[in-house]
Structure formats: C-alpha cells, structure tokens
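The values are calculated or read from the model by the stated rules, or taken from the named source; none is laboratory data. Given the structure is predicted, the values throughout are model-derived calculations rather than measurements. Every residue, glycine among them, receives a Cβ derived from its backbone with ideal geometry; neighbour counts consider all protein chains shown. Heads up: the accessible areas ignore ligands, DNA and RNA and are worked out on the full protein's heavy atoms, side chains in. Shrake-Rupley method; radii C 1.70, N 1.55, O 1.52, S 1.80 Å.
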Amino acid sequence: MVTFTKIHRNLFFFIFSLLSLQVYAQTEGNLAKADLSFSTGHYKEALVLYGTVTDQSLPVLEKTALSYYFINDYANAEKAFAKIIDQKVDVETVRYYAEVLLNNGKHKEAAVLYKKYKDAGGKTDVANREKIPAWAPENAKVRPEYGVQALNIETGGRSLGLSLYKDGIIFATPQELNVNDRTVFYDLAYAAKTDSVNFAAPQVLTEKDLNSLFYEGSPSIGGEWMYFTKNASEKDEVNIKRKTQNKISKEGVNVLQIFVAQNVNGVWSNIKPLPVNSIEYSCTHPSISSDGKTLYFVSNMPGGFGGYDIYKMERNNIVVGGFGKPENMGKNINSAGNEMFPHENKGTLYFASNGFTGFGGYDLYSTDLTGKLSGMVNMGIGMNSGKDDFAAVFNADGETGYLSSNREGEHGYDKIYSFKKIWYPFTVNANVKDKVSLKAIPNAGVVSIASNGKEIKTTTDAKGNLTLEFYPNLSYSITFSKEGYVPKTLEIPAFTDPKDILALLEISLEVEAKKDVVMNLDNIYFAFGKAEPLPESLPILDRLTEFMNDHPEIRIELSAHTDCRGSDAANSDLSGRRAQACYDYLVTKKVDPKRMVPKGYGESKLLNQCKDGIECSEDLHQKNRRVEIKIL
C-alpha cells in the first residue's frame with residue numbers, strides 16, 4: 001500500500017497517495033479503516049468512519065480534528081481541537097489549531113497558541129503569524145480596493161485555479177458531485193461566460209491523455225500552450241515494490257507534476273511533462289507570464305525557504321519544455337509557510353501565502369517584478385478575508401479578474417469569485433480668475449465630461465471657487481466659460497496625480513478681444529496723490545502687455561479714475577497723469593504707442609453712490625479708484 005504525505009491547502013487533495021482497494025477491503029473494523037483513510041489522505045472518508053467507532057481516545061480525536069483541518073472545515077475543526085488541546089498532543093497540532101482560530105477570526109486565542117507552539121519547540125517560524133492579532137483588525141478598517149461577487153460555477157468545494165480561454169475559462173471541475181463524505185477527483189473543463197458572474201455548464205475537455213483518473217488543475221494558457229498540473233502516476237493500484245516504475249516517490253506519494261499541451265487547430269495535443277518534474281517532490285501551479293517568456297510555478301523541491309516556494313524558469317527556446325533551470329524567487333516572496341498559485345500581470349506577480357502577516361488564512365499578495373518597488377504587499381481586505389483567498393487571475397485590463405476563496409460559510413467550501421477594482425473619487429478645489437486682473441470670476445459655468453460619458457455641470461461661487469470630483473481611472477474634459485470671456489477647456493488624462501490636477505485647475509479666463517469690451521483693473525494701486533503705480537501693481541500691467549501682444553489687431557483706451565475726495569480739477573489732473581504713467585510703462589514693454597489712448601476721467605464715472613457729501617467706507621471708495629481698459 002502507498003502511504004500519504006500531508007502537504008497544505010488544496011495541494012493535499014492534489015497530491016494523491018494511492019489507496020489500494022484490495023488492502024482497504026481486507027482491513028477489518030471501522031477504526032482500522034478510518035486510520036487507513038486518514039494515513040492516505042482520504043479525510044472525508046476518515047471522518048465518516050471515525051464517527052462510527054466507540055473508541056474516542058486522544059489519537060482518534062486528534063485525527064478527527066486534523067481531518068477537519070485538512071479539508072478546511074474550520075468550524076468543526078475548532079470544536080474538535082478544543083476537546084484535546086489541553087492534552088498531550090503533537091506540537092504541530094497546536095500550530096494547526098492556531099491556524100484554525102485565525103481563520104475563524106479569533107486572533108487573541110491564536111496568539112496564545114502560537115506562543116505555546118514556540119515554547120514547545122515547534123520548528124516552523126511563526127513570527128509573521130504572531131503579528132496577525134494586532135495587524136488584521138487595524139487593516140480590516142482600510143477601505144477595500146476590489147469588490148468581489150460569487151460566480152455560478154460549481155467547484156465541488158475545492159477550487160484548483162483557472163485560466164482565461166476564449167470567451168470563458170478553463171478550470172478544474174469535480175468528476176462527480178457527491179462531495180460531502182468522499183474524496184472526489186477533478187478534470188479540466190471549459191465554461192463559456194454568459195455575463196459578468198454567470199457561466200454556461202462546464203464541458204470536460206475530452207482530448208486524449210489530458211484528463212486522467214485523478215487530479216488535473218491549475219491551468220495557465222499562453223498563446224498556443226497550456227500548462228497544467230496532474231498526478232505523476234495514473235495507476236489506481238501500485239505494487240509497493242515497484243514504486244519508481246510507476247512514478248511513485250520513495251515515500252509512496254503520487255506527486256504533482258507540470259504538463260504542457262499544444263493547441264493544434266483547436267485541439268489540445270502533444271501533451272508532455274516538463275523536465276523540471278521529479279517523482280520525489282511536486283511541481284505544480286504553473287503560470288506562464290504575459291509575454292510568454294517566464295514560467296512561474298510552485299514546488300517543495302529541496303533548498304526552499306518553507307514548505308512550498310515559488311520558482312521561475314526563463315524560456316530559452318520555442319521548443320516544448322524549453323526552459324532554463326528553476327530559480328527560487330527568494331525570501332522576499334517565499335516564507336517559512338507555503339506560497340501557491342502565482343500569476344503575473346503587467347509586471348506584477350500575484351500569489352497566495354499562509355506564511356506572512358495577513359487576515360487569517362491564505363492571503364493574496366503582490367510584488368513588483370520591474371524593480372520600481374521593493375517587497376511584497378498584502379492586497380487588502382476585499383481581495384482577502386479572514387479565510388483562505390487564493391488563485392487570483394487578472395484579465396487583460398488589469399482591473400478585473402477571478403479569485404478563489406472559502407470566505408462564505410463555516411465549513412471551507414471554495415467558490416470562484418469575480419473581482420473588480422474599486423476606484424474611489426477624490427476632490428480638488430479649483431479657482432477661476434480673470435487672466436489679466438487675477439480677480440475671481442463668480443458664476444462661471446463649468447462642464448465636466450468624464451471618459452465614461454458622465455457629465456456634471458456646475459458654477460463657481462462668489463469668490464470664483466468650486467470643487468470638482470475625479471475618478472483616477474477616468475480622463476476628463478472640463479470647459480470653463482463666462483459671458484464676455486473666451487471659454488477654456490482642459491483635458492486631464494486618467495491617473496493624473498491629484499497634485500498635478502490641482503496645478504492645472506488654477507484657471508484663468510481671457511476676456512474676449514471685441515469692440516467696447518471693458519476690463520476693470522481696480523487692483524492697480526497708487527500712492528496717495530501720486531501718479532506712479534506702486535511696484536505690486538506692475539505684474540498686472542505686465543499681463544496687460546501679454547494680452548496686447550496676443551491680440552496685435554486691437555487698440556485700447558487706457559483710462560484712469562479717482563474717487564470723489566478732492567476737487568474735480570485735482571482729480572481730473574491726477575487721473576490723467578495716472579493714465580499716462582500706465583501708458584508710459586506699456587511703451588517701455590514694447591507696446592506700440594499708436595495702439596493706446598491714455599485718458600483721465602477723474603471722479604466723473606463713479607461706480608457706486610460714493611459721491612461728494614456721501615459718507616462711504618474705504619472699500620467703496622477703492623472700487624472707484626481704478627484703471628479701465630476699453631477695446632476700441
């Protein structure tokens with residue numbers, strides 16, 4: 001009989017130790033059959049049998065708890081572990097119980113068990129997992145970057161990854177749906193997409209040598225090639241003395257291997273194992289890069305950092321299996337735990353791990369492969385939950401895709417979900433001003449049209465201010481307008497930094513260069529009784545120079561006005577000299593003198609009620625002290 005080696009989530013289903021039906025049939029008593037089922041990885045069968053025996057000793061209870069754990073039924077696992085944890089159990093059982101509690105959101109209780117595990121001499125480094133009780137609650141408050149929705153695809157309780165293909169997906173579908181109390185194997189199948197979350201009934205791929213008696217899964221398609229995982233041996237009964245000939249490891253494990261198939265006229269053909277495979281360790285979860293040059297995969301080959309590590313191989317020719325030597329992705333990606341289901345999209349590698357700090361079970365992480373960013377990042381709540389989240393695959397848009405998770409319910413039933421990037425809006429405050437005077441333009445019309453067609457109309461307030469909303473993934477066309485001014489349109493590309501948008505939204509509108517249009521420059525200041533403009537007023541005259549240069553066809557009257565204080569004659573003389581001073585300054589800036597007519601109007605054209613004999617504030621008097629530009 002071939003024995004079984006426990007691996008980790010979803011891989012222990014994949015790594016099948018052959019249970020000889022003959023030996024099983026010859027085993028007497030349900031306890032012996034239960035132990036045999038447990039030792040060969042048939043945990044559902046073991047649970048059924050353990051439930052029928054009267055022997056409820058510690059070994060039986062411990063195997064019962066571990067069986068629930070190995071099928072990811074964390075609710076029942078917690079109950080079973082709680083009955084035995086204070087007894088003399090194996091030290092690894094303590095760690096498994098801690099993992100169960102993390103999956104069930106009981107972080108503080110898990111922390112106590114991790115300490116107990118370390119104190120008992122546990123060999124696995126759990127430092128990252130010990131941080132979860134503090135890390136998870138705080139990071140669960142962060143708004144999610146992705147929204148998820150369950151698909152209608154039946155997984156049989158175990159998702160083994162998927163790949164995009166044509167207008168649907170290729171994934172692993174159970175060979176039968178009686179999955180509650182027995183171990184079920186999986187075949188590759190195709191399901192056509194009917195809408196965002198619904199797929200047609202799966203059609204098992206029928207090509208010769210593609211699907212076998214046991215497990216096929218974790219497909220990855222790049223061009224004409226499909227890489228996938230299947231068991232090394234297809235023998236359902238193996239003579240223990242002839243393990244090597246039957247592709248069974250020395251420990252009696254039917255390991256996982258990576259195979260490749262070529263699509264020839266729509267048929268998957270030329271199915272071959274990759275040279276990286278071995279019968280002494282597993283290679284699984286292949287994922288071809290978007291450029292087809294690199295194959296990422298998972299293996300427990302000797303020399304890794306934990307249980308299963310992520311490796312990569314570079315393609316060195318176009319021949320099937322033409323990859324270089326496997327290279328471990330390093331300790332920044334691989335932990336003391338297990339990494340699985342790598343997937344590359346647009347220079348970013350996505351993968352699942354139970355060895356880093358996260359929300360509980362397996363979490364999804366990302367790492368930049370371009371060298372622009374260092375380290376790896378937890379993908380946050382939404383993509384992750386307190387349970388197991390894994391096998392993320394992105395569509396070409398880099399914003400949508402699929403993942404697998406057992407986040408719903410208490411008994412570890414995997415579902416496939418679609419996910420979509422959530423783009424949160426941000427706001428930017430804008431101000432609209434006159435281009436020459438820089439005075440605010442109230443009630444200016446603003447029309448913002450996003451690239452998704454959504455149109456928003458608004459106006460500036462009395463101070464020329466408004467607030468605009470942007471979604472970073474959309475581009476915008478924003479038009480500012482006001483009667484008497486030339487409309488201005490800004491084009492803002494998607495993913496523009498908010499700081500850059502803020503700089504763009506210092507909007508200045510230019511008056512229309514049309515006959516009889518008047519520009520009121522009441523912010524050109526003069527010292528009391530003096531004709532020369534103060535230094536702080538010169539920038540306004542410089543902007544007037546630019547306006548004149550931009551419109552060489554126009555002529556202007558440059559008029560100066562005073563308030564009512566002082567005699568009419570004095571005010572007329574003063575305003576004339578001020579108009580002349582402004583004229584002279586523009587001439588020094590190379591504006592043609594023939595295009596300007598300086599004129600002083602004194603107090604003859606007051607803008608308010610502040611005439612002789614009326615008491616007014618300084619602000620009201622200031623409105624009358626002005627320079628006006630009238631286009632002739």
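Brief remarks follow.
- Per residue, the range 119-233 exposes 45 Å² of accessible surface when a 1.4 Å probe is rolled over the protein heavy atoms with every protein chain present.
- Sorting the segments 497-507, 559-569, 424-434 by their residues' average number of neighbouring beta-carbon atoms within 10 angstrom, most packed first, yields 559-569, 424-434, 497-507.
- Pairs of C-alpha atoms in the chain farther apart than 44 Å represent 43 percent of all such pairs.
- Each label point was placed 7 Å from the Cα along the Cα-to-Cβ direction; for ASN265 and ASN520 their separation is 8.4 nm.
- Spread of Cα-to-Cα distances over 5 Å intervals beginning at zero, given as percent, for the range 294-373: 3, 16, 25, 24, 19, 9, 3, 1, 0
- Cross-link partners of LYS83 among lysines (Cα-Cα below 25 Å; sequence separation of 8 or more within a chain): LYS6, LYS33, LYS44, LYS63, LYS106, LYS108, LYS115, LYS116, LYS118, LYS123, LYS387
- Among the GluC sites (Glu not before Pro) found in the range 111-200, those both in a DSSP coil and sparsely packed, with 10 or fewer other Cβ atoms within 10 Å of their Cβ, are GLU176.
- Cross-link partners of LYS611 among lysines (Cα-Cα below 17 Å; sequence separation of 8 or more within a chain): LYS623
- Ellipsoid fit via the Cα gyration tensor, the range 513-577: semi-axes of 25, 15, 9 Å, each the root of five times an eigenvalue, largest first.
- Pairs of Cα atoms farther than 18 Å apart, the range 572-626, %: 45
- The spacing between the range 279-336 and the range 471-486, judged by their C-alpha centroids, is 50 Å.
- Pairwise FRET efficiency - SER567 versus GLU546, Cβ, R0 = 41 Å, nearest 0.05: 0.65
- Element breakdown for the chain at a 1.4 angstrom probe: carbon and sulfur atoms account for 52% of the accessible area.
- Using only the C-alpha atoms, the convex hull of the range 397-541 corresponds to 170 Å³ per residue.
- Here the gap between ALA440 and GLU224, fully extended at 0.36 nm per residue and compared with their Cα-Cα distance, gives a gain of 71.6 nm.
- Cα-based equivalent ellipsoid, the range 492-632: semi-axes from gyration tensor eigenvalues, Å: 31, 20, 14
- Compared with the dominant Cα axis of the chain, that is its longest principal axis, helix 107-119 is turned about 50°.
- Taking every alpha-carbon pair in the range 175-296 and binning the separations at 10 Å intervals from zero gives 12, 37, 35, 13, 2, 0 percent.
- Descending semi-axes in Å of the range 74-136, equivalent ellipsoid built from Cα gyration tensor: 17, 15, 8
- Straight-line cross-link partners of LYS457 among the lysines, defined as a Cα under 21 Å from its Cα and at least 8 positions apart when in the same chain: LYS433, LYS482, LYS488.
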